[in-house]
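To keep things clear, I will list the structure first and then write my remarks on it.
Readers should treat all values here as calculations from the given coordinates under stated rules, not as data from a laboratory. Keep in mind the model is a prediction, meaning the values are calculated, not measured. Every residue, glycine among them, receives a Cβ derived from its backbone with ideal geometry; neighbour counts consider all protein chains shown.
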Ligand code: C2E
Ligand code: CA
Ligand code: CA
């Protein structure tokens, strides 16, 4: 048939453009495809080679809240909420380039800024020469049933913050791994990882910063293990890594030490530079247990062992460690009881005071308040056993409050007994230091017992000061402005951070006992000690030698230029009833 021949009557409607038969089929198909594209429930977006939007469908408009005409010609990045990790885009483009397809989750935002997660599949279309012509993105509408179902399944198995497996999913996966390992005679290692002092960071800087720290921690963890290893977040700052078919304990040691180093690196979260370290407990299948539950429990016990051994390290499980974990729990329970019954029954806590002897004018210038706990059944419990538990459990807050007020009350009593020119030093833990109200509490106590600010000294350990230097500087400034004397305790045991030290508004440095011990050991120890003293003096600080036990150490520290000596050699910590006569006698001697 001849089409469009002049013999044909003019058509009442404009003629369709001339097409070949095959073209008609193609055109119908294009119309059909266009209709399917428009009506499909799945949001679709198509961009050209330069990633400019050339078509979107109705479902897309519904999901994003943006009509087609609003987005045509634009880059799809206008959908982004800013919450998708930046390196995800890099990974996405690489996958698209290499494989032509990428599937993953974006955090996009509606026009009013409300963010929403969406599963996307991106595909690149290429022409015969292999040049990219288009990108097609299909999304799963987060409101759709399938998306909801997928999301629920995902949420049931993953930790929403870090995207790692959650406790439940981990347990299931571990059980499955153990079946294989049992069959093949393989060793599986379970590493339970806890960030030391995470709670401090969380409490000081807020959950927002804490959350970001955890996300970063998860990133470092997954970066440090193989794809076949499993990482999970059990809750809080507790993570777990499973290393299937790990070989032997030595191999585990290598991985654990690598993870430890990676996690101990400085964390930069917003404007904060945070230092934290991990404690890692390790259990091995089959030696330490046969079930997921037991292996996790034993790794947990090992982790507490690592913490007790000074944090920032790792420990393998050993039978004796179960006992250690039980012991800790016992202490925690007893501490709670002791604190609860504080005002009801005879107090289990009291303070002792250790004199600090000044070498320049041969007199006692200060007293360090040290808490003592006498348990009704166990008798005296040394602070090294219960203070760390109190810090971990938050019990240090009420206990520390009591210590602080009691120290002020005792100082009032000492003064009323005629003891003059003396200062009381109170140890502060990290949690107390970040208490917003600390300066007001300090002012209140001073007013209550009619004490001058210069009669009170607060000691914070070097590691506490370094935990979050910026925040510490701010709070110490406020205390210093009141006129409180500030000391850095246990100096030499934490990070050597003289640069920060310079910025801290402190007055005294207390050289840790290990310094004093090393001083007589060898020349190096002595050199480090004298250099520190010189440096401290250069910074205008008063140098206190702690734990001076012998005449030899005493003379040596004096020769090195230390200002103040504290230790058994001069005087042990004393209860107030012994301290008062001791101090009065010294005062009388000086006068006589
Ligand atoms: P620290 O703040 O470094 O306290 C000094 C520790 O050294 C005290 O141990 C003291 O009794 C001991 N000491 C003093 N002279 C010597 C000596 O010549 N040789 C030896 N070997 N030791 C000496 P203590 O009372 O057992 O306290 C241990 C740690 O427990 C303290 O270390 C401190 O970190 C913590 N602590 C004690 N009392 C308190 C408190 O009231 N509040 C807080 N937050 N922590 C406290
Ligand atoms: Ca101290
Ligand atoms: Ca100390």
Helix 167-184 sits off the longest principal axis of the Cα atoms of the chain, rounded to the nearest 10 on a 0 to 90 degree scale, by 80 degrees
Restricting to Cα pairs under 8 Å and 6 or more apart, the percent relative contact order of segment 17-127 works out to 17 percent
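Suppose a student asked you for the relative contact order of the chain, using Cα pairs under 8 Å spaced at least 6 residues apart; what percent would you report?
It rounds to 8 percent for the chain.
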Note to self: C-alpha centroids of segment 240-271 and segment 281-306 sit apart, in Å, by 16 Å
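Suppose only helical runs count, i.e. DSSP H with n ≥ 4. What mean residue ellipticity at 222 nm does that imply for the chain under -39500 (n - 2.57) per run, divided by all residues and rounded to the nearest 500 deg cm²/dmol? Spell out each step's value before the answer.
Details: 22 runs with 278 residues, N = 592.
For the chain, the value works out to -15000 deg cm²/dmol.
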Counted neighbours (other Cβ, 10 Å), sorted fewest up, put 405, 378, 102, 373 in the order 378, 405, 102, 373
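Rounded, prolate or oblate: which fits segment 413-511, taking a ≥ b ≥ c as square roots of the Cα gyration tensor eigenvalues, rounded meaning a/c under 1.5, else prolate when a/b beats b/c? Each step should come with its number before you reach the end.
Working: a/c = 2.34, a/b = 1.63, b/c = 1.44.
Prolate is the answer for segment 413-511, as a/c is 1.5 or above and a/b outweighs b/c.
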Of all DSSP beta bridges having both residues in the chain, the percent classed as antiparallel (nearest 5) is 70 percent
So for R0 = 25 Å, FRET eff. of residue 182-residue 330 from the Cβ-Cβ r, to 0.05, ends up at 0.10
Once normalised by the length of segment 158-318, the mean sequence separation of its alpha carbon contacts under 8 Å that are 6 or more apart gives a contact order in percent of 28 percent
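If r is the Cβ-Cβ distance from residue 360 to residue 262 and R0 is 60 Å, what FRET efficiency results, to the nearest 0.05?
Values: r = 48 Å, r/R0 = 0.79.
With a Förster radius of 60 Å, E is 0.80.
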Cβ density ranking, 10 Å radius, fewest first, applied to 207, 305, 158, 556 yields 207, 158, 556, 305
If one compares the long axis through the Cα atoms of helix 207-223 with the longest principal axis of the Cα atoms of the chain, the angle in degrees, nearest 10, works out at 70 degrees
Per the rule of 0.36 nm per residue minus the C-alpha distance, extending residue 29 to residue 96 adds in nm 21.3 nm
Placing one equal point scatterer on each C-alpha of segment 158-318 and summing with Debye, one gets log10 I(q)/I(0) at q = 0.09, 0.19, 0.20 Å⁻¹ equal to -0.27, -1.16, -1.28
Quick note, the chain: a/c under 1.5 would make it rounded; otherwise a/b > b/c is prolate and the rest oblate (a ≥ b ≥ c, C-alpha gyration tensor); here it is prolate
Tilt, helix 86-99 to longest principal axis of the chain (alpha-carbon atoms), in degrees rounded to tens, equals 40 degrees
Note on segment 26-146: alpha-carbon gyration tensor, axes a ≥ b ≥ c; rule is a/c under 1.5 for rounded, else prolate if a/b larger than b/c, else oblate; result oblate
Quick note on 91, 476, 535, 295, ordering by fewest other C-beta atoms within 10 Å, gives 91, 535, 476, 295
